[in-house]
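Q: My questions all concern the structure below.
The values are calculated or read from the model by the stated rules, or taken from the named source; none is laboratory data. Bear in mind the structure is a predicted one, so any value in this text is a computation, not a measurement. Note: ideal-geometry Cβ built from the backbone for every residue, glycine included; neighbour counts use all protein chains shown.
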Amino acid sequence: MAAKFPEGFFWGGATAANQCEGAWNVDGRGPARTDVTTVGSATEPRYVTVKMPDGSTKKLAGLMFGAMPAGAHGVCLDGEYYPNHEGIDFYHHYKEDIALFAEMGFTMFRMSISWSRIFPKGIEEEPNQAGLEFYRNVFKGLRAYGIEPLVTISHYDTPLYIEEELGGWENREVIELFDRFTETLFREYRGLVKYWLTFNEINSLLMLKLFMPDAPLEFIQGNYQALHNQFVASARAVVRGHAIDPAYQIGCMIAGGPSSYPLTCDPKDILAAQHRNQESFWYSSDVMVRGAYPAFAHRMWRENGVELVMGENDLAELAVGTVDFISYSYYATNCETTHEGVEKDGKGNLVMGAKNPYLQYSDWGWSIDADGLRYTLNEIYGRYGIPVMVVENGLGAADTVEADGSIHDPYRIEYLRAHVQAMAEALDDGVDLIAYTPWGCIDLVAASTGEMHKRYGMIYVDRHDDGTGTFERRRKDSFFWYKKVIESNGSDLS
């Protein structure tokens, strides 16, 4: 290994409330989109179930992140399974889970707060005290073990009422509702939380059009507008957080990294990859880190027929509300090409690009590319020069529980080992990398497919795709491997 991890480097893991918490209608929590989203698979989509204005009910694909149809309301239908309702029941198991994280040696735990657990509809004047108390107990539990919370404020968890009645983030009124939400969190948890992320994978709104190439112009326009409103809300949150507690460190979280390669050395492929990275990553990170839209944004708006509606102070707010650090998720890379007849990747990861002949792929169609992590870390740090966190990374795989209760997952250890080695190389390159929180340190509901058997965790949870299971927790081989990695601060990867 070329470099050592610095003293004080944060080792941990990452989850999201909507995928692990459960208790979807307990203690005053209101519903979110995921609560009306069915289970899917690598070959079958997840459906959002809705009641239409005429009273009919429908199962609609492609709505996990897209706009709800006009007048539609999410409903739960008999005979359908909604895996996020119970998740892995972290709500009732958090003490046990935190103890397991501490046993592994975590110094950071990334989690999110469910907006509708604090403000059930998102429009209330006063917060739900039961929700505030739940998270306060979680933070205190983490602190008792010396684990630093890294809290995502919005992780695909907008209250369903806001989406149905207000039109979601396309409506500028939601910015002020988010203002109230963040004000509440920053004041309530001062002294318990230091590190915050405003929006999870905020660029996912632009990536949707890659999954829906025939999407209507109004859909694309709406996503750009919603993203602009989120940028403004994030910038306001940064300023507000620093005013409430100057010790707060507030970052952004971007999906995927600038991780598109040209498939060939054809200059047209090189340009295609550059444009893909601009659209899917740099557009969002530039706004949040540099405080202004990049020059190429004007080309993107023109090509997509976008005309943003901005408030008179929006650009000024973006300029002052820049983040303290940048974080991102990294799982895989993809290739761009202008050539016809090229095999595609895809399946359960939603991304459709040209298949890279130099890489292996997981059972869910994800490329395995540790070198790409080093590459993206260098690209990001070289562009911005501020601290970087890798806050999602991992391998989804089907695990087997042996007769003696053990779970052997050498494939996950191999994947994580290669990526830890890549981070060490990036540190040697000079990157100011400060944290690593691999995704799904404990098994949870997969966002893209809703499955449980697509497992990421180092802790196994007895929960299955049909909703059966006891929620019993078990340590996988990767649990003990990661414990050793943390104890050695990344120097022992055997």
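Q: Could you pull out the residue among 385, 430, 450, 405 that is buried (at least 23 other Cβ atoms within 10 Å of the Cβ) and of a type in the set (Gly, Ala, Ser)?
A: Answer to the selection: 450.
Q: Assuming residue 117 fulfils every condition listed in (1) of a type in the set (D, E, K, R); (2) without any contact (Cβ under 8 Å) to a residue 12 or more places away in the chain; (3) crowded, with 18+ Cβ neighbours inside 10 Å apart from one, which condition is it?
A: (2)
Q: Suppose we filter 183, 201, 133, 218 for residues that are closer than 22 Å to residue 308 by Cα and assigned to a helix (DSSP H, G or I); which single one remains?
A: Just one listed residue meets the conditions, 218.
Q: Could you look through region 389-408, keep only residues that are of a type in the set (Val, Ile, Thr) and either touching a residue at least 40 places away in the same chain (Cβ under 8 Å) or part of a strand (DSSP E or B) (or both), and pick out the one that is farthest from residue 249 (Cα to Cα)?
A: 401
Q: Quick one: which of 251, 257, 241 is assigned to a loop (DSSP other than H, G, I, E, B) and crowded, with 22+ Cβ neighbours inside 10 Å?
A: The conditions single out 257.
Q: Further question on the same structure: Of the residues that sit in region 53-110 and are surrounded by 15 or more Cβ atoms within 10 Å (Cβ to Cβ) and aromatic (Phe, Trp, Tyr), which one is farthest from residue 137 (Cα to Cα)?
A: 65
Q: Another one. Looking only at region 326-354, how many residues end up being farther than 23 Å from residue 391 by Cα, assigned to a loop (DSSP other than H, G, I, E, B) and modelled with pLDDT of 80 or more?
A: So the count comes out to 8.
Q: Out of the residues in region 138-158 that are aromatic (Phe, Trp, Tyr) and free of Cβ contacts under 8 Å to residues at least 60 places away in the same chain, which is nearest to residue 248 (Cα to Cα)?
A: Only one residue tops the list, namely 139.
Q: Does any residue of region 314-325 turn out to be surrounded by 14 or more Cβ atoms within 10 Å (Cβ to Cβ) and at pLDDT below 95?
A: No, the conditions are met nowhere in region 314-325.
Okay, residues lined up against (1) over 30 Å from residue 189 (Cα atoms); (2) in contact with a Pro (Cβ under 6 Å, 6 or more places away or on another chain); (3) assigned to a helix (DSSP H, G or I):
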site: 223; (1), (2), (3): yes, no, yes
site: 226; (1), (2), (3): no, no, yes
site: 231; (1), (2), (3): no, no, yes
site: 235; (1), (2), (3): no, no, yes
site: 270; (1), (2), (3): yes, yes, yes
site: 277; (1), (2), (3): yes, yes, yes
site: 281; (1), (2), (3): yes, yes, yes
site: 288; (1), (2), (3): no, no, yes
site: 294; (1), (2), (3): yes, no, no
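Q: On to the next question. Take region 366-394 and flag every residue that is modelled with pLDDT under 95 and of a type outside the set (Gly, Ala, Ser).
A: Within region 366-394, 366, 368 meet the criteria.
Q: Which pairs have Cβ atoms under 7 Å, sit 6 or more apart or on different chains, and link a residue in region 192-203 that is touching a residue at least 24 places away in the same chain (Cβ under 8 Å) and at positive phi to one that is part of a strand (DSSP E or B) and surrounded by fewer than 24 Cβ atoms within 10 Å (Cβ to Cβ)?
A: 201/255; 201/329
Q: Suppose the filter is within 21 Å of residue 19 (Cα to Cα), under 17 Å from the mean Cα position of the chain (by Cα) and at pLDDT below 95; does residue 397 pass it?
A: When the stated conditions are applied, residue 397 does not pass them.
Q: Restricting attention to region 434-443, does a residue exist that is among the aromatic types (Phe, Trp, Tyr), surrounded by fewer than 20 Cβ atoms within 10 Å (Cβ to Cβ) and either in a helix (DSSP H, G or I) or at pLDDT 95 or above (or both)?
A: Scanning region 434-443, I find no residue that is among the aromatic types (Phe, Trp, Tyr), surrounded by fewer than 20 Cβ atoms within 10 Å (Cβ to Cβ) and either in a helix (DSSP H, G or I) or at pLDDT 95 or above (or both), so the answer is no.
Q: Can you run down the residue pairs with Cβ atoms below 8 Å, 6 or more apart or on separate chains, where the first is in region 436-449 and within 15 Å of residue 332 (Cβ to Cβ) and the partner is at pLDDT 90 or above and acidic (Asp, Glu)?
A: Every condition considered, the pairs that remain are 438/392; 439/392.
Q: Condition first: hydrophobic (A, V, I, L, M, F, W, C), closer than 21 Å to residue 130 by Cβ and surrounded by fewer than 24 Cβ atoms within 10 Å (Cβ to Cβ). Now tell me which residues in region 25-50 satisfy that.
A: Selection gives 26 alone.
Q: Would you pick out the residues in region 280-313 that are crowded, with 17+ Cβ neighbours inside 10 Å, touching a residue at least 60 places away in the same chain (Cβ under 8 Å) and among the aromatic types (Phe, Trp, Tyr)?
A: Answer for region 280-313, where residues must be crowded, with 17+ Cβ neighbours inside 10 Å, touching a residue at least 60 places away in the same chain (Cβ under 8 Å) and among the aromatic types (Phe, Trp, Tyr): 281, 282, 283.
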